[in-house]
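Written below as structure tokens is the structure these notes are about.
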Amino acid sequence: MSENLKTIKEIADEIGVSKQAVWQKIKKESSIDLRQFTSKKGNTVYVDVDGQKAIKSAFFKKTSTTKRQQKVFVDDNLNDSVDGNPEGNEEILFLRNLVSELQSEKKELHKLLDQQQRLALQDKKLLDEYKSEINDLKALKMPSQETEFKHLDNQYKDEVNALKEKLENLQEQIKDQKRIEEQEKPRKWWELWRK
């Protein structure tokens, strides 16, 4: 086989993904038609240079909300090939794209970490507030049922004692009234010496 042909496994290793990821990307991308770029020997598929570029570029596309953009870096200083290898520039572009993706993922992770720390701080503040409220409520101490019953017992005892006093006063008034009636009652002559 020619040196320009590579297997899917070799392409996957260059990109830094699995062979299955390359096959899935090929299936998803309508711009990649492997029939144009491949030759098959036994069960092994060999991809030519144009197919390799199509597969690699598919991995560097980003989806935007407005349109799909291909992420490519251009360096004016890269006019010459690296070490006499014409694919050296492609490898440099691949590595730069990879570094750029890693940096954007790092920024996203920092944002997520910051958000998580803010949420944790809010949760801690709420928890402290709830603990404070619970302690305030515990300090109020609701009266127990025993205390309520004692209070009611004392109230009823006071009412009963007040009624007893009224009853005693009324009984004394009745006695006084009877005495007065007996004194005013006319006496018979035979009762006069009984006194």
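The values are calculated or read from the model by the stated rules, or taken from the named source; none is laboratory data. Every value quoted in this text rests on a predicted model; they were computed, and no experiment measured them. Virtual Cβ from ideal backbone geometry, glycine too; neighbours counted across all protein chains shown. These area figures cover heavy atoms from the full protein model, side chains too; ligands, DNA and RNA do not enter into them. Shrake-Rupley method; radii C 1.70, N 1.55, O 1.52, S 1.80 Å.
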Original post:
Name the pairs whose Cβ atoms lie under 6 Å apart, with the first residue in segment 130-154 and of a type in the set (Lys, Arg), the second open to solvent by 90 Å² or more (accessible area, probe 1.4 Å) and modelled with pLDDT of 80 or more, and 6 or more positions between them or separate chains?
Top reply: none
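Kindly check whether there is at least one residue in segment 25-34 that is at pLDDT below 80, surrounded by 13 or more Cβ atoms within 10 Å (Cβ to Cβ), over 44 Å from the mean Cα position of the chain (by Cα) and of a type outside the set (Phe, Trp, Tyr). Explain how you work it out, then say what you get.
Within segment 25-34, the subset at pLDDT below 80 is 29-34.
Of the ones still in play, those that are also surrounded by 13 or more Cβ atoms within 10 Å (Cβ to Cβ) are 29, 32, 34.
After this cut, where a residue has to be over 44 Å from the mean Cα position of the chain (by Cα) as well, the list is 34.
Filter once more, so that each one left must be of a type outside the set (Phe, Trp, Tyr): 34.
Yes, that holds for at least one residue.
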Original post:
Can you tell me how many residues in segment 134-169 are at pLDDT 90 or above and open to solvent by 100 Å² or more (accessible area, probe 1.4 Å)?
Top reply: 5
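Can you give me the number of residues within segment 35-50 that are under 11 Å from Ile8 (Cα atoms) and either at pLDDT below 75 or in a strand (DSSP E or B) (or both)? Spell out how you get there, then give the answer.
Within segment 35-50, the subset under 11 Å from Ile8 (Cα atoms) is 38, 44-48.
Cutting the leftovers down to either at pLDDT below 75 or in a strand (DSSP E or B) (or both) gives us 38, 44-47.
Of the residues in segment 35-50, 5 are under 11 Å from Ile8 (Cα atoms) and either at pLDDT below 75 or in a strand (DSSP E or B) (or both).
Could we say that Asp123 is modelled with pLDDT under 90, on the phi < 0 side of the Ramachandran plot, surrounded by 10 or more Cβ atoms within 10 Å (Cβ to Cβ) and among the acidic types (Asp, Glu) here? Walk me through how you get there before you give the answer.
On the way: modelled with pLDDT under 90: no; on the phi < 0 side of the Ramachandran plot: yes; surrounded by 10 or more Cβ atoms within 10 Å (Cβ to Cβ): yes; among the acidic types (Asp, Glu): yes.
Here the answer is no, as Asp123 does not meet what is asked.
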Original post:
Under 7 Å by Cβ, and 6 or more places apart or on different chains, what pairs join a residue from segment 6-20 that is on the phi < 0 side of the Ramachandran plot with one that is at pLDDT below 85 and loosely packed, with under 14 Cβ neighbours inside 10 Å?
Top reply: Thr7/Thr44
